Amino acid sequence: MNTEHVSAGKPKIGGAIYRAPLGTTLPTDAKTELDAAFKELGYCSEDGITNSNSPETDNVKAWGGDTVLDLQTSKEDSFKYKMIEITNIEVLKAVYGDDNVTGTLDAGITIKANNSEAEACAWVFDMILKNAIKRIVIPSASVTEVSDIVYKDSEAIGYETTIKATPDSDGQTHYEYIVKKGK
């Protein structure tokens, strides 16, 4: 047992969630500077990021009820987080789609909410652990859910978003890179 291996995930200072078009050069470690195509999506709520990555199985039972085989039927890989920079143009594009958001905050932003299919993008999540840094790289994922957007005076407005990863050419839905700080 070693308490040095116990940690919490805190956002990287200066940004923790990034999005880029498919085909953007992906990082292959925890510390390399991201390609300029990756756009930072600002503050995430205190709930952080949740990764759901559990296999679903069907049980094959023998006569008499004994389970004799577990068959994996799927293994979805999704990430959920709540972006709270609601006037950040990159956040709005991540939620509504690049083609549905135009303008700037100074000149005025126009958002078109429609039935357009969400485009797949590359995603990166950077975080700081107690004695290391960690990067999650998702080669291809699209927004599959945006929870209700609540407007009230007792909480920050935000876009609670779920993205679902799809396998890359090597069959991987995401990569995780961890390295000790200072290395």
Out of the residues in segment 149-170 that are under 18 Å from the mean Cα position of the chain (by Cα) and part of a loop (DSSP other than H, G, I, E, B), state the one that is surrounded by the most Cβ atoms within 10 Å (Cβ to Cβ). GLY158
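Looking at segment 82-126, which of the residues that are hydrophobic (A, V, I, L, M, F, W, C) and in contact with a helix residue (DSSP H, G or I) (Cβ under 6 Å, 6 or more places away or on another chain) is nearest to VAL146 (Cα to Cα)?
Going through the qualifying residues, I end up with MET83.
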Among the residues that make up segment 121-142, is at least one of them free of Cβ contacts under 8 Å to residues at least 24 places away in the same chain, part of a strand (DSSP E or B) and touching a Ser or Thr at 6+ places or on another chain (Cβ under 6 Å)? no
Does any residue of segment 81-88 turn out to be modelled with pLDDT under 95, over 18 Å from LYS39 (Cα atoms) and among the hydrophobic types (A, V, I, L, M, F, W, C)? no
Enumerate the pairs (first residue in segment 91-118 and touching a residue at least 60 places away in the same chain (Cβ under 8 Å) and of a type in the set (Val, Ile, Thr); second residue anywhere and part of a strand (DSSP E or B) and surrounded by 11 or more Cβ atoms within 10 Å (Cβ to Cβ)) with beta-carbon separation below 8 Å, excluding pairs fewer than 6 apart on the same chain, so at least 6 apart or on different chains. VAL91/MET83; VAL91/TYR159; VAL95/MET83; VAL95/VAL143; VAL95/VAL146; VAL95/TYR159; VAL95/THR161
Of all residues being in a loop (DSSP other than H, G, I, E, B) and either of a type in the set (S, T, N, Q) or in contact with an Asp or Glu (Cβ under 8 Å, 6 or more places away or on another chain) (or both) in segment 52-75, which is modelled with the lowest pLDDT? Just the residue, please. LYS75
Anything in segment 112-136 that is surrounded by 15 or more Cβ atoms within 10 Å (Cβ to Cβ), over 17 Å from GLY42 (Cα atoms) and aliphatic (A, V, I, L, M)? List them, or say none. ALA118, ALA120, LEU129, ALA132, ILE133
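The values are calculated or read from the model by the stated rules, or taken from the named source; none is laboratory data. As the structure is a computational prediction, the values presented were derived from the model and not from experiment. Every residue, glycine as well, gets a Cβ built from its backbone with ideal geometry; the counts of neighbours run over all protein chains shown.
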